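A short write-up of the structure that comes next.
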Amino acid sequence: MDDRLRAIAHAARAEAEAAIDVDDEFAATIRRTPTNFEPRRALDRQRRRAIAWVAAAAVVLIAGGLVVLRSGDDNTLQTVDTETTTAITSPSVSSAIEAPGTVEVSTTLESSPLTPTSTPRTATTAPTTTSPATSALEPVGEMAWRPVSTSPLSERSDHSLVWTGDELLVWGGVASVDGFVEFADGAAYDPVSDTWRELPDAGIAGRLGHSAVWTGDAMLVWGGVTDFGCNTGTSDGVFYEPATDSWLPISPAPGPVRTAHSSVWTGDEMIVWGGFPTLGARTSDGRFCDAPPDPNAELPGLAYNPLTDSWRIIAAGPEPRISSTLVAADGKVLLWGGISAESDDWLADGWSYDPATDQWSELPIGPLSPRMSHIAVWAGDEMIVAGGQDRDGLLSDGAAFDPETGRWRPIPDLPAEIADAEAATTDRYLLVLGGCCSQDADAFTLDLLTDTWASLPLIPSPPCRESCSRNAPVASLGDGFVTWGGMTESGPEADTQWWAEGSLLDLSK
């Protein structure tokens, strides 16, 4: 057998044994709680590597014979040389893959930043031809949406959804009721009891397009647009603490007021990037909008620390942009794509920001073309970017970036060209919901273990079929997904309707 293939076989065996060893080592001590993710990540990384070797059907053609790396019928890892018919076996890795009884898991649904399983990565820095995964578009097992109970909130879009580990917090948004109305109310939904409770008054103006992140014990709301008609923004914010059911104001951010920005929570700070200056307030008679104070004002990146209630301006890095994506990645922040705020160029570059050093570094160029309105999510150990639109229309291709290796790999195309969609992940699935789509569809899932797309049963509410469904956020519950509210445009005249219904997809069964 070729020495390289022997190395592969021995590496596979080592990974499988390591996964089992790690499972045994951490079994008694690891709890899946918001304060103890690092040991769990270490365990899942070992599992993921074992799964990658075992689940792969890697066929390698070499001079002198065909060697197949496969999983045997007895759950053993085997490497077979067709010339020598020798085999190398490893202990069973089924317990390392599943092992539901070896890790104590809270029975309460909770946010899951755990490392998902994934297929072996193929590094690439150049476009690679991939076939759309439409042929594999099958309904997913027993997955089914169920409607959630009636909310005390009215219909709206552009609101925020934040999962606390126990409740889904819904706040803000906008709807058209004899003119646009910006909402300042909110509610909390308990998926276990299927009940809602209203939140107290936040003490700030209603808004849409605001930042909303979960810090571990509070929801941080910042910025947004307080007058949709004039695109008037604000730089104030508040904290909501579920433990006390109360709101606390935060200090205003420095610099010009902005809209269309991106924000993420790193574990210590909220990072804000991009956007463009907002317009001024309405004139005194309410008929017109003032011009922006400075339409060319520079908008530096910002970081907010809730422990000190303080803001800092982060280091300058990439060119300012809008419609880009910002992803929190194990303490760092990954920025990708968008449209330049200076030149209006469409961008396909990516950047990594390290809050610890306050430095930016450019990512290697990937296989994707310049675009905006794409999805980007952190899937445990890689950033997945897919869909969006360019100057010619909607897009369906995607790629994944691994910060540890600094390499991109292509992923199967989305089953449809789609932009402005919502996305969220569990430890197994990426959900893409709504958006403007080239075909009628409710939602798609990407299985992070097999790298295959599948369709989901029709979502009860709000409906997406035959429409352009926008601004209906989706949140991961750790063991499922939930969406509530949103707006649909349908029919030849693009009639608009706002919704106050929601649906939940339970993956725990």
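General observations
- Filter result (buried (at least 23 other Cβ atoms within 10 Å of the Cβ) and over 24 Å from residue 507 (Cβ atoms)) within segment 410-427: 419
- Scan of segment 450-476 for residues that are modelled with pLDDT of 85 or more and within 21 Å of residue 397 (Cβ to Cβ), ordered by number: 450, 451, 452, 453, 454
- Sub-9 Å Cβ pairs linking a first residue in segment 269-281 that is in the same structural domain as residue 253 (by TED's automatic domain parsing) and more than 24 Å from residue 229 (Cβ to Cβ) to a second residue that is modelled with pLDDT under 85 and part of a strand (DSSP E or B), at least 6 apart or interchain, number zero.
- Evaluation of residue 360 against (1) over 15 Å from the mean Cα position of the chain (by Cα); (2) surrounded by 21 or more Cβ atoms within 10 Å (Cβ to Cβ) (one fails), failing number: (2)
- Scanning segment 344-367 for residues that are touching a residue at least 60 places away in the same chain (Cβ under 8 Å) and in contact with a Leu (Cβ under 9 Å, 6 or more places away or on another chain) yields a total of 1.
- Residue match in segment 233-246 (condition: of a type outside the set (Val, Ile, Thr), in a loop (DSSP other than H, G, I, E, B), in contact with a Ser or Thr (Cβ under 8 Å, 6 or more places away or on another chain) and over 19 Å from residue 183 (Cβ atoms)): yes
- Inspection of segment 323-333 finds no residue satisfying the criterion of being assigned to a strand (DSSP E or B) and surrounded by fewer than 16 Cβ atoms within 10 Å (Cβ to Cβ).
- Test: residue in segment 342-349 that is at pLDDT below 95, hydroxyl-bearing (Ser, Thr, Tyr) and either surrounded by fewer than 21 Cβ atoms within 10 Å (Cβ to Cβ) or touching a Phe, Trp or Tyr at 6+ places or on another chain (Cβ under 7 Å) (or both): yes
- Failed item, numbered, when residue 446 is tested on (1) over 28 Å from residue 192 (Cβ atoms); (2) modelled with pLDDT of 90 or more; (3) in a strand (DSSP E or B): (1)
- Taken together, 391, 409 contain a single residue that is within 22 Å of residue 321 (Cβ to Cβ), assigned by TED's automatic domain parsing to the domain that holds residue 474 and among the basic types (Lys, Arg), which is 391.
Matching residues to (1) within 25 Å of residue 256 (Cα to Cα); (2) among the aliphatic types (A, V, I, L, M):
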position	(1), (2)
319	yes, no
342	yes, no
368	no, yes
386	no, yes
396	no, no
411	no, yes
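The values are calculated or read from the model by the stated rules, or taken from the named source; none is laboratory data. The model shown is predicted, which means the values in this text are computed figures rather than measured ones. Every residue, glycine as well, gets a Cβ built from its backbone with ideal geometry; the counts of neighbours run over all protein chains shown.
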